[in-house]
Amino acid sequence: MRLFTDASWRLPSVVDMETAAVNASRLTKRYGELTAVDAISLMVRQGEVYGILGPNGAGKTTFLRMLFGLIRPDAGRLEVFGRSWERDGTATLDGVAGFIESPKFYPYLSGRANLELLARLDGGVPVGRIEQVLQTVDLVGRDGDKVSGYSFGMRQRLGVAAALLRDPQLLVLDEPANGLDPAGIRDMRALVKRLAASGLTVLLSSHDMAEVEEICDGVTIMRRGTVVYHGTIAALREQAPQPAHRLTTSDDGAALREGARRQPLAVTRHDDGGIAVRGPEEHLDAYVAALVARGIAIRSLTLEETPLETLFFMLTETSPDAFPHALAASA
Ligand SMILES: Nc1ncnc2c1ncn2[C@@H]1O[C@H](COP(=O)(O)OP(=O)(O)OP(=O)(O)O)[C@@H](O)[C@H]1O
């Protein structure tokens, strides 16, 4: 779905840079017995790239739907650049653009023709803007092709181009890399980084910790409608457990015996064969060098999970009591 503001899209000059782009306080949405979003609070500052991260069903899209005014919260407060739906109606979305789920276009028209149509419908889009946004999303050269022939990744990028037509202050993207192949994921991440570098505030939802880690400054991690962490990626990284590697060697028995003397590494037999090694990377390096020095060949060494991925699974799949209180969100 493509979502835009009304014709008065430019941010009023009275919005000062201290005003949060998004400020949600104890926002709640219920569907019958199910509380899809349960009193969540989060703040996205201007200029930030902020991720809402969570597994399927965590409540990410429900939150974004409330932001776009597509559904009403049952309780709580939500402000966008200091404006609220109750007080300001559709003006709440001035300077905001983006899409929820996937952007929709006329498949029998070219990417450019779709943008031209949108620009005409919206009005007030400056001449030359279409060219500019096509360049930004790297679709120049393919803009004359019918959208029906576009890859999923190209459609997503066209969705971002459509959102950028109005030169928004806040770009909201719902799982922008979902369903993309590795090249599409790489392109989408590069695009978001470029947009962020230009000063645009970006709020995106994702179920992929690696994506959020790579492109976001701050994150709210959701689990079944509740916030289990919010804060900076840097602070989260500090609390992440040690990375887990899987090692196979020419003599795993000897390698295990050597590993037993290598604290603080935890070296154990891996459930799927080989050896599991968990611990700081500098100790892992020394361990591997010692094995080679002893004539034990390394056949493979793979990173099983980054520390943040491990933490994400701990936060979203285990009981909230299973992780340190320091990680619990101060929602
Ligand atoms: N219109 C609706 N009616 C009833 N239940 C709904 C509705 N929309 C969402 N839900 C439920 O609310 C919960 C949160 O859904 P939501 O789509 O927000 O999660 P999500 O984190 O975006 O996950 P996904 O990535 O799977 O979309 C889910 O249990 C979902 O089934």
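The values are calculated or read from the model by the stated rules, or taken from the named source; none is laboratory data. If you're wondering where the values come from, they're calculated on a predicted model, not measured in any experiment. Cβ placement follows ideal geometry from the backbone for every residue including glycine, while neighbour counts extend to all protein chains displayed.
Odds and ends about this structure:
- The test for being in the same structural domain as Leu53 (by TED's automatic domain parsing), out of contact with any Leu (no Cβ under 9 Å at 6 or more places or on another chain), more than 16 Å from the ligand (Cβ to nearest atom) and closer than 28 Å to Thr19 by Cα holds for Arg189.
- Scanning the range 197-213 for residues that are within 12 Å of Glu175 (Cα to Cα) and part of a loop (DSSP other than H, G, I, E, B) returns His207, Asp208.
- Considering residues of the range 158-186 that are under 23 Å from Ala21 (Cα atoms) and of a type in the set (D, E, K, R) only, the residue farthest from the ligand (Cβ to nearest atom): Asp167
- With respect to the stated conditions, Thr268 fails to be at pLDDT 95 or above, closer than 29 Å to Phe313 by Cα, hydroxyl-bearing (Ser, Thr, Tyr) and in contact with a Lys or Arg (Cβ under 9 Å, 6 or more places away or on another chain).
- Listed by first and then second residue, the pairs with beta-carbon distance under 8 Å, at least 6 apart or on different chains, first residue in the range 132-153 and under 18 Å from Tyr106 (Cβ atoms), second assigned to a loop (DSSP other than H, G, I, E, B) and among the β-branched types (Val, Ile, Thr), are Leu134/Val140.
- Conditions (1) hydrophobic (A, V, I, L, M, F, W, C); (2) out of contact with any Phe, Trp or Tyr (no Cβ under 8 Å at 6 or more places or on another chain); (3) farther than 28 Å from Val44 by Cα; number of the one not met by Val147: (2)
- In the range 237-255, the residues that are modelled with pLDDT of 85 or more and either among the β-branched types (Val, Ile, Thr) or outside any strand (DSSP E or B) (or both): Thr248, Thr249, Ser250, Asp251, Asp252, Gly253, Ala254, Ala255
- Pair list, Cβ under 9 Å, 6 or more apart: the range 93-118 residue touching a residue at least 24 places away in the same chain (Cβ under 8 Å), other residue of a type in the set (Lys, Arg) and within 16 Å of the ligand (Cβ to nearest atom): Ile100/Arg65
- Under the condition of being surrounded by fewer than 17 Cβ atoms within 10 Å (Cβ to Cβ) and among the hydroxyl-bearing types (Ser, Thr, Tyr), the residues counted in the range 115-149 number 1.
- Checking Met188, Met222, Met209 one by one, the residue that is modelled with pLDDT of 90 or more and either aliphatic (A, V, I, L, M) or more than 16 Å from the chain's Cα centre (by Cα) (or both) is Met222 and no other.
- Hits in the range 193-204 - residues which are in contact (Cβ under 8 Å) with a residue 12 or more places away in the chain and either within 16 Å of the ligand (Cβ to nearest atom) or surrounded by fewer than 23 Cβ atoms within 10 Å (Cβ to Cβ) (or both): Lys193, Arg194, Leu195, Ala196, Gly199, Leu200, Leu203, Leu204
- Exactly one residue out of Tyr50, Tyr31 is within 16 Å of the ligand (Cβ to nearest atom), under 18 Å from the mean Cα position of the chain (by Cα) and modelled with pLDDT of 90 or more, and it is Tyr50.
- Residue count for the range 236-257 satisfying the condition of being crowded, with 17+ Cβ neighbours inside 10 Å, more than 17 Å from Pro280 (Cβ to Cβ) and among the polar types (S, T, N, Q): 1.
- Look at (1) surrounded by fewer than 21 Cβ atoms within 10 Å (Cβ to Cβ); (2) within 12 Å of the ligand (Cβ to nearest atom); (3) aromatic (Phe, Trp, Tyr) and you find that Tyr108 fails only one, number (2).
- Taken as a whole, the structure leaves Arg45 outside the set of residues that are near the ligand (Cβ under 9 Å from one of its atoms), touching a residue at least 12 places away in the same chain (Cβ under 8 Å) and not aliphatic (A, V, I, L, M).
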